[in-house]
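The values are calculated or read from the model by the stated rules, or taken from the named source; none is laboratory data. Please read all numbers here as calculations on a predicted model, not as lab measurements. All Cβ positions, glycine included, derive from the backbone under ideal geometry; neighbour counts span all protein chains shown. SASA here: full protein model, heavy atoms, side chains in, ligands and nucleic acids out. Shrake-Rupley method; radii C 1.70, N 1.55, O 1.52, S 1.80 Å.
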Amino acid sequence: MTRKNQTIIPDLYADPFGERTPTLRARLQLLGARFQFESNSRQLLQLVESAYRGLPRHRLSDVGPRLRVRLQLMSGGPQRSRLEPPPLNMISGGGFLGGATHGSNFVLLSPPERSALIGISPQMLRFPYHTRYELIEFAVFTLAQRVQGLVSLHAACVGRGGRGLLMMGPSGAGKSTVALQCLLQGLDFLSEDAVFVAPDSLLATGIANFLHVPANSLRWIERDNAAAIRHSPVIRRRSGVKKFELDLRRGGYRLAASPLQIGAVVFLSPKSAAPSPIS
């Protein structure tokens, strides 16, 4: 029906939360779990694919849990008025219903429901590394860890023959630099700074997509390898540190085909051992 040339939509057909919006999907096996990513944005789904497609399909059990992650590209909205706050938009995804203002960025997780909802603004999407690292990776890592009861460690991990070596230490201790040396020597690579361990079996999994290499680490490797790394994109972290982002799915590097059983731990320190022992 119409009123003064305006169409009135009955409440029966209204979709205030956008639950019937067409959805794009991608399914990936990550961290022992079966993820289904959903989005209203092809660009966001491409960001997921570029981060996680082509990785080894790790399994920590016979049947991995199904996890659902919805990535919602938020409306940029009209220019904000100085006289009132931005309006609230209703949103949905991953089993959640909610509201958020124009241009919001957020992550909602429900381990009992095995789902997550990520809101990403057009402004945030201008920074694909931060979108991936601070929002998408946070949701993927936390959901997989909580649902499967894994222990998360700030560590790098390499291995051989199904056995893994953990390298632990604070940021700047050299985990990525040592991991790069191990990678170039033909060891299997599991992760550069986030490892997830099943406490009963000591099986470790991780995401072996990228290695972030500081420029000063290249002096320790052969010229040809250093030249190849210098062709990689450069990312800038919020601390201001810049690193080469080496995609390990290219170049013939050895990625751990299955979870590694932890056999040893090495602790790294940014402090020099000379002229006196580290206390």
What tally of residues in the stretch 111-123 results from selecting those that are among the polar types (S, T, N, Q) and open to solvent by less than 20 Å² (accessible area, probe 1.4 Å)? 2
I'd like to verify a number: residues in the stretch 252-272 that are at pLDDT below 90 and open to solvent by 70 Å² or more (accessible area, probe 1.4 Å), how many? 4
Run down Arg126, Arg132, Arg57 and say which single residue is surrounded by fewer than 16 Cβ atoms within 10 Å (Cβ to Cβ) and in contact (Cβ under 8 Å) with a residue 24 or more places away in the chain. Arg57
State all residues of the stretch 239-271 that are within 18 Å of Ser191 (Cα to Cα) and in a loop (DSSP other than H, G, I, E, B); if no residue qualifies, say none. Leu248, Arg249, Arg250, Gly251, Gly252, Tyr253, Arg254, Ala256, Ala257, Ser258, Pro259, Leu268
Considering residues that are under 13 Å from the mean Cα position of the chain (by Cα) and open to solvent by 10 Å² or more (accessible area, probe 1.4 Å), the number found within the stretch 60-75 is 0
Selection from the stretch 17-54 of residues that are in a loop (DSSP other than H, G, I, E, B), under 17 Å from Ile120 (Cβ atoms) and open to solvent by less than 20 Å² (accessible area, probe 1.4 Å): Ser41
